[in-house]
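Contents: one structure, followed by commentary.
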Amino acid sequence: MDKEKDKPKKIWKTLINIILTLLIIALLVLTIYFLYKSQREKNSEENTLSYTELVKQVNDGNVEKIEMTVGSTTLKVKLKDVEKEKTAIIPSTQVFMELVQQKTLEGNAINLIQKPQSMFAVLPSYLISILPTIIMVALFIMIFKMQGLGDKGEVYDDTERKSKITFDDIAGLDEEKEELKEIVEFLKRPKKFTEMGAKIPKGVLLYGKPGTGKTLIAKAIAGEADVPFISMSGSEFIEMFAGLGASRVRKLFDKARRLSPCIVFIDEIDAIGARRSSNSGAETENNQTLNQLLVEMDGFSSEETIIVLAATNRPEMLDKALLRPGRFDRQVTIPVPDLTGREAILKIHAKDKKLAEDVTLAGIAEDTAGFTGAELANILNEAAIIATKKEHEAITNSDLDEAVKKVTVGIEKTSRKISEKDKKLTAYHEAGHAIVSQFLPTQTAVKEVSIIPRGMAGGYTMYKSDEDKYYISKTEMQEKLIALLGGRAAEKLILDDISTGASNDIEVATQIAKDMITVYGMSDVIGPISLKDNSGQLEYQMFGDNMQDAIGKEVKKLIDIAYNDAQEILKQHIDTLHAIAAELMTKEKINEEQFNKFFA
Ligand code: ATP
């Protein structure tokens, strides 16, 4: 039924495409014709008679016959002793006809053959006269098309196809799948619920970091229920022109009503669903769009089984009105996968890849704590590219390791020339990080230390991945600061100078220290107070004039202590520091086993 309704739009679209194609072909033909014509005219210059020459030839009695097309100023002239016909250009037909009359009166009539105008002869001039119109029409159609026939109707066409993705395509997320199975039931058998007097939920909000599989889950729900999946991204509703966003929401839901039962998926809902505040400019437009969305969701009747799934990674930004019962009253958090989840995701994405026998996906899962499903899928893809480039028969463990490094630190830049001085600096810097971490109980073991540049980094120290943790303790954060400042501490101790190489470490360390004080309430002086508002801005004014100073002092204290501790650890193990730096300078890269030998 819905397909039927969309038919006129499709026919209209096809028609426009045909007209556009025809116009383009016409323009092309015209261009080619004129090019050809001018070329021919050039070639035939030697075969042309001027009017004076023609009159002379006529007077001399050399002309055998003249052919003239009505209305044309170009004549075909056959001279008596010349094989080839010549072309003569006359000033006007009237002037020529006077000559003809005069010769007839003189008794030397010209053998003139008059031909009617041919269709092909007039076509070019006719086409030229309508060329501007053609161009105007083509431009009009193009502008019309660019505006998407006045709306973005076609955007939905691609997405209304039924999704073939099912829950089997989603690895991990078992509890979440279980929770969402209910939605599949609602879509499949709405009557069962309504007869019992239950109201079908209208909206489900999926919270989670980018790449955790929110879109995948929404598609899988549609796939499992075998209903159409209509999707749009919140950012597509944001328009420069007032009212367009709201009209798009209306159209999206009109379409959903026609396709019901169905799933409407709105990605990045925070783009339209952000808290309504001021009434100025873009803000008003946003508010209109959000209001329209609320109106549409309130307007579903119980016969229309439309479930709106929306995704966001910034739940705190959303307008509270969206979360009221009858709107997005269900919220499901899609977490970053844990160890088993990561292995399962890797397995799903490895299905269509050629893996070597020795590949252990569990090992890769261990090394990728904190990675999202999208990042894991990307690692397998990168590994396949690396294996192809290296002409391996199948993807090996080393290809996968390389892919993890490529995704986390960037590509190894072996060809970059590095001065001995920089090499030494990097070697001590990285050895500093590695040794300091080795003596910090909460930090994970060193996996690899390298002074070969990768991505933006001049060198790197890779640590073994943490087990999945939900909480991080204060001690762990303090020790993280020490490890981060280990590089700078080594530079200071050994080279008696410091470099720009530590800028990123310092940035990260400062951010951690700030969060410890202002977000996690880890300072005894300040106490367990959150000093950031919902948008992440520091908000200390209400605590009096001294608060700003106190925050600054506490952050600085954390950093100073960590920097000092890092130097202390390195002073105690200065011989190891020299030895590891020397090893790095010769080998450029050392692995876990080689590193551990220094501490045996
Ligand atoms: P965004 O917020 O950026 O839109 P998202 O959370 O919607 O991201 P998806 O687009 O669903 O993420 O995921 C991207 C890709 O990552 C999927 O197409 C899929 O290949 C892979 N992926 C993510 N999570 C999983 C999972 N649990 N199982 C299998 N594949 C997954």
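Restricting the range 311-327 to residues that are outside any loop (DSSP other than H, G, I, E, B) and among the charged types (D, E, K, R), the residue that is nearest to the ligand (Cβ to nearest atom) is GLU316.
Please determine whether any residue of the range 554-574 is open to solvent by less than 40 Å² (accessible area, probe 1.4 Å) and not hydrophobic (A, V, I, L, M, F, W, C). Scanning the range 554-574 turns up at least one residue that is open to solvent by less than 40 Å² (accessible area, probe 1.4 Å) and not hydrophobic (A, V, I, L, M, F, W, C).
Listed by first and then second residue, the pairs with beta-carbon distance under 8 Å, at least 6 apart or on different chains, first residue in the range 269-296 and closer than 24 Å to LYS209 by Cβ and at pLDDT 60 or above, second part of a loop (DSSP other than H, G, I, E, B) and of a type in the set (S, T, N, Q), are ASP270/ASN313. Selection over the range 320-345 of residues that are basic (Lys, Arg) and open to solvent by less than 70 Å² (accessible area, probe 1.4 Å) gives a count of 2. Taking the criterion of being more than 16 Å from the ligand (Cβ to nearest atom) and open to solvent by 30 Å² or more (accessible area, probe 1.4 Å), the only residue of the range 209-234 that qualifies is ASP226. Any residue at all in the range 518-530 that's assigned to a helix (DSSP H, G or I) and within 30 Å of VAL436 (Cα to Cα)? Yes, the range 518-530 contains at least one residue that is assigned to a helix (DSSP H, G or I) and within 30 Å of VAL436 (Cα to Cα). Flag not set for LEU206, criterion: within 12 Å of the ligand (Cβ to nearest atom), open to solvent by 40 Å² or more (accessible area, probe 1.4 Å) and either free of Cβ contacts under 8 Å to residues at least 60 places away in the same chain or in the same structural domain as LYS177 (by TED's automatic domain parsing) (or both). Restricting VAL70, VAL122 to those that are modelled with pLDDT under 80 and touching a strand residue (DSSP E or B) at 6+ places or on another chain (Cβ under 8 Å) reduces the list to VAL70. Take the conditions of a type outside the set (A, V, I, L, M, F, W, C) and open to solvent by less than 60 Å² (accessible area, probe 1.4 Å) and apply them to THR368. Does it pass? In short, yes. Inside the range 536-579, residues that are assigned to a loop (DSSP other than H, G, I, E, B) and in contact with a helix residue (DSSP H, G or I) (Cβ under 8 Å, 6 or more places away or on another chain) make up a count of 2.
Based on what the data block shows, is THR500 open to solvent by less than 40 Å² (accessible area, probe 1.4 Å) and free of Cβ contacts under 8 Å to residues at least 60 places away in the same chain? When the stated conditions are applied, THR500 does not pass them.
Could you tell me whether ASN591 is touching a residue at least 24 places away in the same chain (Cβ under 8 Å), exposed (fewer than 15 other Cβ atoms within 10 Å of the Cβ) and closer than 23 Å to TYR463 by Cβ? So ASN591 passes the test. Only residues that are open to solvent by 40 Å² or more (accessible area, probe 1.4 Å), under 21 Å from ILE512 (Cα atoms) and touching a strand residue (DSSP E or B) at 6+ places or on another chain (Cβ under 8 Å) were counted across the range 431-481, and they come to 4.
The values are calculated or read from the model by the stated rules, or taken from the named source; none is laboratory data. What you are looking at is a predicted structure, and each value in this text was computed from that prediction instead of being measured. Glycine gets a Cβ as well: all are built from the backbone with ideal geometry, and neighbour counts include every protein chain shown. Calculation scope for accessible area: heavy atoms of the full protein, side chains included, ligands and nucleic acids excluded. Shrake-Rupley method; radii C 1.70, N 1.55, O 1.52, S 1.80 Å.
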